[in-house]
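Structure record follows, encoded as structure tokens.
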Amino acid sequence: MLKPVVTVGGTMNWVDHFEGLKQLDPALLKSLVENSEVVEIEANSVIFGLGKAPEHLVLLLEGSIQVQQVSDSGREMVLYRVDAGNSCVLTTACVLAYEQSAAAAIAETDLQAVMVPRKVFDELLGASKEFRYFVLSAFTKRLADLFQVIEEVAFKRIDHRLAQKLIELSGDGTNVKATHQNLAAELGSVREVISRQMAEFQSRGWILQHRGMIEIVNRLELQKLIDS
């Protein structure tokens, strides 16, 4: 559910969150700010879904967005995440091409975001080289990230990738709040494969499994597997 917070018209200087936008011509920047809207989005909300053409460029101020693709068989795969201070590249591509989305964007946390209407996006894209650079540089970086995802799925062993994901998701702690299905989606695999590999990690004494949570017992051995 999208809940408008405020229509920005000089009442919130959200442009400071995006370095590239501060280079815009003052008149164009004024148009961008006055015609965009800041919204709050509740966690687990679908921001846009499969087969729906996004009508806004999404610029994230707070929180995290997960962009995932779902196959015809229902298999999920996380393509990338959008963190605060970045734009959602999938919405950029769809707004650019007037195409429907081939993936879904879901709020991982409560969000605050700027919604730039398609009309404003088109006007700025044609009028400002600084805005074009802002849009296309983000697009290029995310495209490189997607190639990395493809490379990992195609060429890297699932046990290495799973160990890496567990360490990544644990941060500085030892607990990972995730199900086997969550991890399968993160890694572009299936739950059965992840479950077998998790059982192997547990038998080696590297992890302990609890309902909806994994405890890392031996981080060093997981790291050794990644580095091998």
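Brief remarks follow.
- Condition broken by residue 228, with the remaining ones in (1) in contact with a His (Cβ under 9 Å, 6 or more places away or on another chain); (2) under 26 Å from residue 67 (Cα atoms) satisfied: (2)
- The helices (runs of 4 or more DSSP H) falling completely within the range 168-228 include none with 2 or more residues that are of a type in the set (Val, Ile, Thr) and open to solvent by 50 Å² or more (accessible area, probe 1.4 Å).
- Complete set of residues in the range 19-47 that are hydrophobic (A, V, I, L, M, F, W, C), in a strand (DSSP E or B) and either open to solvent by 30 Å² or more (accessible area, probe 1.4 Å) or farther than 12 Å from residue 113 by Cβ (or both): 46
- Inspection of the range 49-63 finds a residue satisfying the criterion of being among the charged types (D, E, K, R), open to solvent by 40 Å² or more (accessible area, probe 1.4 Å) and modelled with pLDDT of 90 or more.
- Looking across the range 108-129, the residues that are aliphatic (A, V, I, L, M) and under 14 Å from the mean Cα position of the chain (by Cα) come down to 111, 113.
- Residue in the range 97-107 that is at pLDDT 80 or above and over 16 Å from the mean Cα position of the chain (by Cα) present: no
- Which listed residue is among the charged types (D, E, K, R), over 16 Å from the mean Cα position of the chain (by Cα) and under 30 Å from residue 15 (Cβ atoms), from 157, 132: 132
The values are calculated or read from the model by the stated rules, or taken from the named source; none is laboratory data. On a predicted model such as this, the values are computed, not experimentally measured, just so you know. Heads up, the Cβs are rebuilt from the backbone with ideal geometry, glycines too, and the neighbour counts pull from every protein chain shown. To get the accessible areas, we keep the full protein, side chains included, count just its heavy atoms, and leave off ligands, DNA and RNA. Shrake-Rupley method; radii C 1.70, N 1.55, O 1.52, S 1.80 Å.
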